[in-house]
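All of the numbers you see were taken from the coordinates with simple rules; none came from a lab. Please read all numbers here as calculations on a predicted model, not as lab measurements. Positions of Cβ are backbone-derived with ideal geometry, glycine not excepted, and every protein chain shown enters the neighbour counts.
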Amino acid sequence: MSSEITIRPVEEASDRKAFVDLAFTLNRDDPNWIPPLKTEVHGLIDPRTNPWFGHAEARFFLAERNGEPVGRISAQVDREVLEHVGEGVGQWGMFEAADAEVAAELIARAEDFLRGRRMKVAQGPYSISIWDEPGLLVQGFDHPPTVMMGHNKPIYQQWVEAAGHKGVKELYTYDLDIRSELPPLIQRIVASGERNPRIVIRKVDKSRFDEEAALILGILNDAWSDNWGFIPLSDDEIAYAGKKLKPIVFEDLIRVAEVDGEPVAFMITLPDLNEFTRDLNGRLFPFGWAKLLWRLRNPKVRTMRVPLMGVVKRLQSTRLASQLAFMMIEFTRRDAVAHYGASRSEIGWILDDNVGMRSIAETIESHINKVYRIYEKPL
């Protein structure tokens, strides 16, 4: 009964622990749920460590029944969202619930928080921003997510929609068997590019990590600036993301495309870290850290993930842009198979209205394997 449920804000360290641990309790019987590293989740929600809080406010809530945690949710107001997405757009996320009654109470509490901040629309889920784990999984429950992608119970869709939230945007990931060469047409386009002296597809130089990261993020901010929901990353957020990603950055998996000596495109590919961390049950200590470091020394993985690709805006929708994308995909595919033993890649997420990227994904004969949905509700 509703009277048995209490919802309170996360305030103490013990509350934060319960907030993080609850996901493990509610998802432990799902074979396709990957336990996140608890240190990463604590870092995500801690204003002392995550520079996102420099331009945003979040409140985290725990639902309890008879004193036991049975649900959680976040509600957040981000000044960058208000500027770049729309005035009055508040967001919510990090949603977990034991049943429909708990879900309804949690979503209502998040909405109340946003109304109290004079927000006009509730949009989500985001855990906790579009650069973390955006969207509710609505298709593709039969296999685990790749690194930095979310996974939730299928019933959550019903509970969110029962609260009056309607889908406004879908994010797709694409699955590609990389053991075989790309289609003959793509091979011809790649070969033509290799013969073109104006084009250079180079690996990143990890010894100049900060410089390379700034270069790539500069292209990203230009390439994605017109995309739905785009929020530019601050310098502090770029440094924070770089610090987290550096251990899983391998030079032959990240490419920069140059035309006439000018960097104009990039593609980031990462080994699926979930394959390395799944058996750690979220714990790096006392032995998990050593296991992870050992596995990263000579990583062999089944799956690669391409989380980010971008071409400067002035070249978008040109044949050259497609050629550069195909070249980066093919060069990375070769090294992923030869050096890491990979057999598949997951590309995305890609917005449902990003015609150019969806066309590239479909032309190389990849197919949608997961769909994540962003919801909105007027407040």
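With only Cα atoms counted, the stretch 91-190 has Rg and Dmax values of 17.9, 58 Å. Under a cut-off of 28 Å between alpha-carbon atoms, report the lysines in cross-link reach of K313, not counting same-chain residues fewer than 8 places apart. In chain and number order, the partners are K169, K203, K206, K243, K244, K246, K370.
Computed over the alpha-carbon atoms, the stretch 175-373 gives an Rg to Rh ratio of 0.96, Rh here being the Kirkwood radius from the mean inverse distance. Neighbours of L320 by Cβ distance under 15 Å: Lys/Arg scored +1, Asp/Glu scored -1, total +1. The ranking of H143, H151 from fewest to most other beta carbons within 10 Å of each one's beta carbon is H143, H151.
Putting +1 on Lys and Arg Cβ atoms and -1 on Asp and Glu Cβ atoms, find which of L273, V312, S234 reaches farthest to the positive end of the dipole of the stretch 175-373. The residue sitting farthest along the positive end of the dipole is L273.
For the chain, the 222 nm mean residue ellipticity estimated from helices alone, with every DSSP H stretch of n ≥ 4 adding -39500 (n - 2.57) and the total spread over all residues, rounds to -11000 deg cm²/dmol.
Listing R195, R358 from fewest to most neighbouring C-beta atoms within 10 Å gives R195, R358.
Ordering 42-49, 214-221 by mean Cβ neighbour count within 10 Å, with the highest value first, yields 214-221, 42-49.
Spin-label model, L379/A214: points 7 Å from Cα along the beta carbon direction are separated by 3.7 nm.
For the pair D29 and R195, the difference between a 0.36 nm per residue extended length and the Cα-Cα distance amounts to 54.5 nm. Distance from the Cα centroid of the stretch 53-110 to that of the stretch 182-251 is 32 Å (rounded to whole angstrom). About its Cα centre, the dipole of the stretch 243-287 is roughly 460 debye, where the only charges are +1 on Lys and Arg Cβ and -1 on Asp and Glu Cβ. Round to the nearest 0.05 the FRET efficiency obtained for K243 and A13 when R0 = 22 Å and r is the Cβ-Cβ distance. It comes to 0.40. Per-residue Cβ neighbour counts within 10 Å put R8, R305 in the sequence R8, R305, beginning with the fewest. Each label was represented as a point 7 Å from its Cα along the Cα-to-Cβ direction; for R118 and E68 these points are 4.3 nm apart.
Farthest towards the positive end of the charge dipole of the chain, among the residues L106, A58, P263, is the Cα of P263, using unit charges on the Cβ of Lys, Arg, Asp and Glu. To the nearest 20 Debye, how big is the dipole of the stretch 63-205 about its Cα centre, given +1 on the beta carbon of each Lys and Arg and -1 on that of each Asp and Glu? Magnitude of the dipole: close to 640 debye.
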